[in-house]
Structures are given as structure tokens and as C-alpha cells.
1. Report, by residue number, each residue of the stretch 253-285 that is within 11 Å of the ligand (Cβ to nearest atom) and among the aromatic types (Phe, Trp, Tyr).
2. Under 8 Å between Cβ atoms, which residue pairs at least 6 apart in sequence (or on different chains) link something in the stretch 194-217 that is closer than 20 Å to ASP138 by Cα and of a type outside the set (Phe, Trp, Tyr) with a partner that is part of a strand (DSSP E or B) and near the ligand (Cβ under 9 Å from one of its atoms)?
3. Quick test for you: out of TYR344, TYR373, pick the one residue that is over 27 Å from ARG59 (Cα atoms) and either among the aromatic types (Phe, Trp, Tyr) or assigned to a helix (DSSP H, G or I) (or both).
4. State the number of residues belonging to the stretch 272-314 that are touching a residue at least 40 places away in the same chain (Cβ under 8 Å) and not in a helix (DSSP H, G or I).
5. Would it be correct to say that ILE497 is modelled with pLDDT of 95 or more, within 30 Å of ALA14 (Cβ to Cβ), more than 16 Å from the ligand (Cβ to nearest atom) and surrounded by 14 or more Cβ atoms within 10 Å (Cβ to Cβ)?
6. Just a yes or no: is a residue in the stretch 132-139 buried (at least 22 other Cβ atoms within 10 Å of the Cβ), closer than 24 Å to ALA102 by Cβ and within 16 Å of the ligand (Cβ to nearest atom)?
7. Can you tell me which of LYS509, LYS513, LYS479 is in a helix (DSSP H, G or I), closer than 28 Å to LEU69 by Cβ and in contact (Cβ under 8 Å) with a residue 40 or more places away in the chain?
8. Run ALA14 past the list (1) within 21 Å of ASP304 (Cβ to Cβ); (2) surrounded by 16 or more Cβ atoms within 10 Å (Cβ to Cβ) and report the number of the one that doesn't hold.
Amino acid sequence: MKSFMATYLTETSAYHALAVHHQQIHDVHLRELFANDSTRGERLTLDALGIYFDYSKHRINDETVNLLLALAQERGVAEKRDAMFRGDKINVTEKRAVLHIALRAPRDAEIFVDGVNVVPEVHAVLDKMSAFSKRVRDGEWQGATGKRIRNVVNIGIGGSDLGPVMAYEALKFYSARDMNFRFVSNVDGTDFAEATRDLNADETLFIISSKTFTTQETMTNAQTARNWFLSQINDERAIAKHFVAVSTNEQEVVRFGIDAANMFVFWDWVGGRYSMDSAIGLSTMLAIGPENFRAMLDGFHAMDEHFRTAPFEKNMPVLMGLLAFWYNTFFDAQTIAVLPYDQYLKRFPAYLQQLTMESNGKRVTLQGETIEYQTSPIFWGEPGTNGQHSFYQLIHQGTKLIPCDFIAFTQTLNKLPPHHDILMANVFAQTEALAFGKTADEVRAEGTPEWLVPHRVFPGNRPTTTILAEKLDPATLGKLIALYEHSVFVQGALWDIDSFDQWGVELGKVLAKKILGELETGDLGTGDLRLEHDSSTNALIRKYRASKK
Ligand code: G6Q
């Protein structure tokens, strides 16, 4: 593959041009930009795949967009994208292809990894998941005592949890309401205890979701689930009816005691945080059914195709990624708020936190050089309108610039007039208020006493994107997730980082293993165990050991 990253980001000509341009535009107010161009609100929008993407309320003009597009070109974003779609090993530090796009490719597509077309394998697993899901949903799959499965508990963490939880919540409207879905991720025993306290083992199916099948939290929870199950149904043979695994590691699955026939596989070219549309989505499929799951995959695929083929000036993930880059790099904006105006998307910000920050929270380039520019912004958010009554104050009148993504749907799934009109009025009002604010003169004209005027002024010029779709259905969810996935890709390509590794989670894991031994062994009373940490860590460990006694 041709290397497009020979030049350090801040030494490229496009970066320099943007830096100069930023000096010219950073004080220009959105009021002025809108006043000088009556078409702006319709022109700076995209309408593709049923998603209306309004980026007119950003601190940009046509030149900004052109310069950002030139940067994308100079950084080889298109070539890097093509390399990903081709199956090149673009995750260089793990020497892996990055092919979540293959998980949603149509049956007749061909995508090769090491000379093997992976699409037939993908569909074979999907077919196996569909057959299994149908049997469970129809009550044909019976538990050890002949009862149907009513409870599904997914045990997994990180990428093997956040996607399934988010998708279950997002698509709850479409889910089997006669079944319970629970998710256990934390190694804190409370998570397991609370998730299972009202369940009967003979009606419960555990899905042990772990790519590696060695993750400490998941294996601990899986073992606890096994013990919990056997304490109610004292028959090892019953495990086969109540435990299935989703993993890449057959050896460990079998060692745990799950029959290989009850295992749903995926592959090393699927990153954990990009895996919710692989077999890791088994709980999602059990909840919403195979047809809805495939509709979700079609939504993902539609956005993949858009990203792969649309010219960059009309390419939603490209523009989204460039805008994130613009504020993060030139306006020193540290965060991006994601504000879904749909209660079903309440876990979407948490899901995006992993997707964005685990992918792009890096400090060296692909070549290992230390980076001196900013990489991933912090993503955070809460569903609207709740956030309006808490942290929006800071977004409107605080000292920090926080670009926001407002996500909303023109139709509600739960028609309870006048709720949806009120909800949507708030979306539009917020983006208007953030962009245009309220001047001191406007505040005075309302009769506000002079001493109060500064407190009631809204400076405005706070950038927002509005993402509007018709309704939250499986396909739309797939499109939205793929939109963010590819936006993350674009940003990583600009920064020249490996968006697909996660070495940052390793050190804590290694140290925890060592410390666990120190918490469990030795004479707890005397504190005589030789501890070789820093004085703070040693003292904390001693305190815990003393309390254990
Ligand atoms: C995601 C990360 C990480 C991973 C978890 C769980 O991209 O790799 O969040 O998903 O550590 O790993 P396992 O699925 O192997 O248990």
C-alpha cells in the first residue's frame, strides 16, 4: 500500500491553509453567516438514505469546507478507506484487517482476507443465529425442565456489552415483550446479583459473549452464572440448554463447558467495539427477531456504500469527521456532546464513548512518532430533553465551546400527543438558541434591569449538527451507527493513528492480576506481605486487607 502519511499533519499545506483560514473566520458569528446567505440553512445540508444532516449551524463557510476537503485529500482518506474495504491489514499494531463492513455485506459480495472470501462465513453464522433465535422466540427451544426460555442474560464487557445493551434499548419497541433481556458486564458481583435475582434458572439462557473468552470480568461472571444455574438445577447436562457462547476462541469455550455446537463465531478482523452486528448481536437478534436484525444490517450496509462511493463534499461520515476535526484542532474544543432526542437512544452516548475514544484516544502515529496535535475529543451526552435541565447551561453560557450532535426523528413510535411536538420544538429551539443566542440589546428590550443584562445574554455561535430521520427503526439505527463508525475512521485517518487497537486497556489489566494475588494471599491480619508498589498503592492494599480480616 502506498504510504500517504509521510508528512506530519501540522506540516501539510492543507493544514497550514486551514490554520490561516481559521484566523479569519473564528470570530465570525453564525448570525452574520446566516444573514449574508439566505440559502445557507438549506444549502449546507445533506439528504441521503433517509437521513437529513444539517451542518449549516457550524462556524464554517464554503472555503472552510473546501479546505477541509483538501486536507482529507492530502491525508489520503479515500485511499485509506479503500484499503479498509479491500481487507488490507490497516490495524498495523495488531497486524489485522478491519472488516466490520463485511458483517453487513450482502450474501453475494466478495471480501477477501488472506485470499479467503469471508462473506459466506458471515452469512453462515447469521443463518445459524437466525435458526437459533427463531427456535428460542417460538418456544421450540426448551430448557432442562421442558419450559420455554423467557430470560436472556448477555454476559460480556466493553465491545461485547455496550453494543448489545445499546441496540436492545434502542430497538425495544420491536422486541419480544414476553421475554426479559438483561446484561451483565461489571465484575462487581452486584451486577450479576441484581440481573438474576428474580429469574428462574430453568427459563433462563445465558449468552457468554467474549471474543477472546479470557477476559477476567466476563469469565468471572460466566463462572458465577454457571454456579447460580447449577445451584437451582443440579445437572451438568442441563448446561447445554442454557448456555451458549459467542467467541473466536473455540478451545476456551469448550474448556468452559459449552458445547461447540452452541457456539456462534466471529473473527479477528472484527474489533470488539465494531462487533455489535456480528454474532455479538445474538441478544439483539433474540430480542427483535432475525428479520429486524437483517434490516439493521441493511441499514449499516447502506451507510457503508454511501461512505465508499459518495463524493466527499456529499459524504455524511466524511463531513462529520471533518467537522469534529475542525473544532478539536483549531477551536481547542475538547468535547463533543451527543444529544439524542429519543428516549430509546438513552445508551447511545455511552456506546459512542467507546467507539470514538477507544478508537481515537491515541498519542502516537502509525509509525510510532509522538503526536503533538490533539486527537480524539471526549464524547458524552444524555437524551433530550433531560440534559436541558442540567448541563445545557454550560453549553449555552459557559466558557467552553462544545459542538453538539442533535439526533431526532420526525415520527415517534409512541404516539401520545402532544409529546412529540413538544420534544421536537425543543430540538429546534435548542439549536437555534445555541447558534444565534440573545444579544444585550435584545435582553434590554425585554425590560431587563441593566445589572441583570450580562447574566441573561446568550453569546450564541455555538455549533451544532442536526441529524433528522423519519423514525427509529432497525435500518435507521444501523445507518446511524455506521455514520459514527466511519466518522471515527475519517478522524483517525487525518490524525494518522491506529483507530483499531486498544493497548491503553492493557496496563491496568496486568497490574490488577498482580494485586489480586496480594489481596487473596498471606496472613490477612499481620500485613506482613511484602508489597512492592508505591507507598500510596501499598497503603490502599493494606487497608483493604485489614478490612477483609
Ligand atoms: C473493544 C475492546 C474491548 C473488548 C472487551 C471485551 O474494541 O477490544 O472493549 O471488547 O475487552 O473483550 P472480549 O470480547 O474478548 O471479552
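1. PHE266, TYR274
2. Hits for this filter: ILE207/VAL246.
3. The match here is TYR344.
4. Total meeting the criteria: 6.
5. no
6. There is no residue in the stretch 132-139 that is buried (at least 22 other Cβ atoms within 10 Å of the Cβ), closer than 24 Å to ALA102 by Cβ and within 16 Å of the ligand (Cβ to nearest atom).
7. The unique qualifying residue is LYS479.
8. (1)
The values are calculated or read from the model by the stated rules, or taken from the named source; none is laboratory data. Worth saying up front: this structure is predicted, and the values here are computed from it rather than measured. Reconstructed Cβ throughout: ideal geometry from the backbone, glycine too, with neighbour counts over all protein chains shown.
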